[in-house]
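Novice: One structure coming up, written as structure tokens, with questions to follow.
The values are calculated or read from the model by the stated rules, or taken from the named source; none is laboratory data. Everything numeric in this text was worked out from a predicted model, so none of it was measured. Note that each Cβ is placed from the backbone with ideal geometry, even for glycine, and that neighbours are counted across all protein chains shown. SASA here: full protein model, heavy atoms, side chains in, ligands and nucleic acids out. Shrake-Rupley method; radii C 1.70, N 1.55, O 1.52, S 1.80 Å.
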Amino acid sequence: MAEFLTALSNAGNFTRDDFALVYRAKNKDATESSCRFVLQKLLDSGSIARVDLATSVAGKIRETYPELDFRIFELVQLNEFVNHQIAHNAVFIFVEGDLGEYVFDTLKEEYAGHILLNPNADMYHQYWADDMLVIKKLITEAPKGTDEFWHTDLEKMLVDIVSDKLLRSCVNQGEYKTIFTQAFKDFY
């Protein structure tokens, strides 16, 4: 097991598919279920840990473009405020100026089939996949996050779900009253 973990740690962050490739290289007769079992066992023991998708994407962007201003908003962040929980996540990356194409080019290989650049609502819903990355233009005066500048704070989240056409198509407008009531009740 130590040799196996060493092979994975050399990769830094890795996906489930990367894990399965390494596991099967070390265990020729491994099944998909045995890969999942071992992965879960490693997670439970603390030998490996999940890296949040938004944090991983933010790290890649910061590494490639250290001066770039951007915000990341995950659709599931709204689950704190809605009655009908959002089961499938999408990650919205708002990038300053016209630099979205550069970020798209940086991320497109790793997230092929799960990344869209400036889609309209029809395109988004047609090509949607779980954990889809959506790159859009950042509004100039968008507030920065408290812990990390790229976090989307509550103010921006509430404005965006009302003003952004794509986000409006993702959130049932019948939930707006609940979202705003809960947000103003729980936060200053």
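Novice: Semi-axes of the stretch 25-128's equivalent ellipsoid from the Cα gyration tensor, sqrt of 5 times each eigenvalue, largest first, rounded to whole Å?
Specialist: 30, 20, 16
Novice: What dipole magnitude, in Debye to the nearest 20, does the stretch 86-131 give about its Cα centre under +1 on Lys/Arg Cβ and -1 on Asp/Glu Cβ?
Specialist: Dipole magnitude for the stretch 86-131 comes out near 140 debye.
Novice: Give the distance, in whole Å, between the Cα centre of the stretch 111-188 and the Cα centre of the stretch 37-90.
Specialist: 15 Å
Novice: Considering only the other residues whose Cβ falls under 14 Å of the Cβ of I139, what net charge follows from Lys and Arg at +1 and Asp and Glu at -1?
Specialist: -2
Novice: Count the net charge of all other residues whose Cβ sits under 10 Å from the Cβ of A90, scoring Lys and Arg as +1 and Asp and Glu as -1.
Specialist: Spelling it out: positives minus negatives among the neighbours equals -3.
Novice: Counting only other residues whose beta carbon sits under 11 Å from that of G100, what net charge do I get with K and R as +1, D and E as -1?
Specialist: -2
Novice: Okay, next question. Calculate, for the stretch 41-173, the solvent-accessible area per residue in square angstrom, rolling a 1.4 angstrom probe over the heavy atoms of the protein chains.
Specialist: 56 Å²
Novice: Under 14 Å from a point placed 7 Å out from the Cα of L154 along the Cα-to-Cβ direction: which residues of the stretch 67-93 have their backbone N that close?
Specialist: 78-82
Novice: Show me, for the stretch 130-138, the HN-Hα J-couplings you get by feeding each phi into the Karplus relation (A = 6.51, B = -1.76, C = 1.60, θ = phi - 60°), rounded to Hz, glycine and proline as x.
Specialist: 4, 6, 5, 9, 10, 9, 9, 6, 7
Novice: Still on this structure, I have one more. Taking amide H positions as placed in the peptide plane 1.01 Å from N, state which residues far from M132 in sequence (5 or more) or on other chains have amide H under 5 Å from it.
Specialist: V91
Novice: Kirkwood Rh and Cα-based Rg: tell me the resulting Rg over Rh for the stretch 70-110, rounded to two decimals.
Specialist: Rg/Rh: 1.11.
Novice: Something else about it: Going highest first, how would you order 114-120, 68-74, 126-132 by mean Cβ packing within 10 Å?
Specialist: Top of the packing list down: 68-74, 114-120, 126-132.
Novice: Using 7 Å Cα-to-Cβ label points, what is the N118/T146 separation (nm, one decimal)?
Specialist: In this crude label model, N118 to T146 measures out at 3.4 nm.
Novice: Using alpha carbons only, what's the Rg to Rh ratio of the stretch 104-188 with Rh from Kirkwood? If you can, show how the numbers build up before the last one.
Specialist: On the way: Rg = 14.6 Å, Rh = 14.6 Å.
Ratio of gyration radius to Kirkwood radius for the stretch 104-188: 1.00.
Novice: If you look for lysine pairs in the stretch 44-188 that are eight or more places apart or on different chains, how many of them have Cα atoms under 21 Å apart?
Specialist: Lysine pairs meeting the criterion: 17.
Novice: Can you give the charge dipole size of the stretch 31-188 about its Cα centre, rounded to the nearest 20 debye, using +1 on the beta carbon of Lys and Arg and -1 on the beta carbon of Asp and Glu?
Specialist: I would put it at about 360 debye.
Novice: If I build a Gaussian network model for the chain, linking alpha-carbon pairs within less than 10 angstrom, which residue out of F92, F104, F37 has the largest mean-square fluctuation?
Specialist: Answer for the Gaussian network model of the chain: F37.
Novice: Additional query: Can you give me the angle between helix 32-45 and the longest principal axis of the chain, using Cα atoms only, in degrees from 0 to 90, rounded to the nearest 10?
Specialist: 80 degrees
Novice: Another question, then. Sum -39500 (n - 2.57) across every DSSP H segment of at least 4 residues in the chain, then divide by the residue count to get the 222 nm mean residue ellipticity, nearest 500. Present the calculation step by step, with values, prior to reporting the outcome.
Specialist: Details: 9 runs with 87 residues, N = 188.
Per the formula, -13500 deg cm²/dmol.
Novice: Angle between the Cα long axis of helix 53-64 and the longest principal axis of the chain, 0 to 90 degrees, nearest 10?
Specialist: For 53-64 against the chain, the angle is about 90 degrees.
Novice: Each label point is 7 Å from the Cα along the Cα-to-Cβ direction; what then is the distance between the points at H88 and Q173, in nm?
Specialist: Those two pseudo-labels are separated by 2.3 nm.
Novice: Specify which labelled value, from [x] 0.94; [y] 1.07; [z] 1.17, agrees with Cα Rg over 2.2 N^0.38 Å derived from the coordinates of the model shown.
Specialist: Structure-derived value, by its label: [z].
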